[in-house]
Amino acid sequence: MSLHLYVDSGRWRSHLRRFMEPAGTTIVPVTKGNGYGFGNATLAAEAAALGAGTLAVGTYEEISDVQKEFPGDLLVLSPWRPWHEFAVDDERVVHTISRVTDLHTLIERGGGRPRVVIEVLTSMRRHGIDPAHLTAVADALQHVSFEGFALHLPLVGDHLAEADRLSRQAFDTVPASPRTLWVSHLSAAAAGSLAKHHDAEIRLRVGSALWLGERGALRARGTVLDVHPVRRGDRVGYRQRRARRPGSLVIVSGGTAHGVALEAPSPVTGTRQRAVAVAKGGLEAAGQVLSPFQFAGRQRWFAEPPHMQCSMIWLPDDITPPAPGDELDLDVRFTTTTFDHISWA
């Protein structure tokens, strides 16, 4: 019994095909990490079936996951660093360069003309060369196969205005460069506008909006493994907490090993969000945490924090519990969840 992902493949793939056809923009599918819950090899095969010319991966270590499934070019999003052991002369691989010194080191390594994109520093301030320093790379670009500039934009703010400004600076500084921009976090419409404004080819890198953009086609479910009646005062779980009232203890597949109930910090920007965060913190301090599992139309409480392979869910005594072998729906974050099985309907 397992944590299961059910995919309405017709509906899901119809969304993928529509997404890949924006006017004036080339979509570059992205797969990285856990492959958005599907696995990188699976999404590489789907990208190949969609006719994508380039697939973007997060790290050099992920290339081995996808290179057999995807026959086209592979863009590595993490910047190249001198300590990477990956061969720099692989003709299928496009390296991201975010430091001037790394570009010179890459050239000194020899091995032909490596393919590179130059990442320009945006207001994200994660990786990239400051636009004011792009003149330092202009001469060195004659020693590589230069594939254009890359912009990793933030999720909030006026993306198009920033992309427009940085693109103009890059093209003006290196006028002989190919007019190609690799961008993230722009809409297809904004990317098309940018392409027209700069007479450039826009390659829009997309992950979540592509693979997870049709959430109605995806359903996560955990299998009920055991059900135990509990009386008020009974001790349960590793931590032997006492039941506050009679009910049922439901043991369901899906635990921390799958990524269930693991979450990244969320940005808290408004009064309501702060109130919710305070309320959740108070409940957690009292040992009460809502699980992602749903039953009888409601999200249910954990009896205790989830275990590696399963979770213990509390149901009150006025609800008829599920039976072993039944499945419970759960709301998961796909980028942190690993499923035991994927069923394609």
- Message: I need every pair where a residue in segment 58-77 that is farther than 17 Å from Tyr36 by Cα has its Cβ under 6 Å from the Cβ of a residue that is assigned to a loop (DSSP other than H, G, I, E, B), sequence separation at least 6 or different chains.
- Response: Tyr60/His84; Tyr60/Phe86; Gly72/Gly53; Asp73/Arg92; Leu74/Arg92
- Task: Go over the candidates Val236, Val260, Val230, Val252 one by one and state the one that is in contact with a Pro (Cβ under 6 Å, 6 or more places away or on another chain), among the hydrophobic types (A, V, I, L, M, F, W, C) and at pLDDT 90 or above.
- Result: Val260
- Query: In segment 150-244, which strands (runs of 3 or more DSSP E) lie fully inside it and hold 1 or more residues that are assigned by TED's automatic domain parsing to the domain that holds Ala47, within 22 Å of Thr26 (Cβ to Cβ) and free of Cβ contacts under 8 Å to residues at least 60 places away in the same chain?
  - Reply: 180-184
- Message: It is to be established whether one or more residues within segment 113-134 are in contact (Cβ under 8 Å) with a residue 40 or more places away in the chain, hydrophobic (A, V, I, L, M, F, W, C), assigned by TED's automatic domain parsing to the domain that holds Thr54 and in a helix (DSSP H, G or I).
- Response: no
- Query: Based on what the data block shows, is Ser64 within 16 Å of the chain's Cα centre (by Cα), surrounded by fewer than 18 Cβ atoms within 10 Å (Cβ to Cβ) and closer than 24 Å to Thr335 by Cα?
  - Reply: no
- Of those in segment 80-112 that are touching a His at 6+ places or on another chain (Cβ under 6 Å) and not in a helix (DSSP H, G or I), the residue farthest from Thr173 (Cα to Cα) is Trp80
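The values are calculated or read from the model by the stated rules, or taken from the named source; none is laboratory data. Just so it is clear, the structure is predicted and the values come from calculations on it, not from any experiment. A quick note on method: Cβ atoms are made from the backbone with ideal geometry, for glycine too, and the neighbour counts reach across all protein chains shown.
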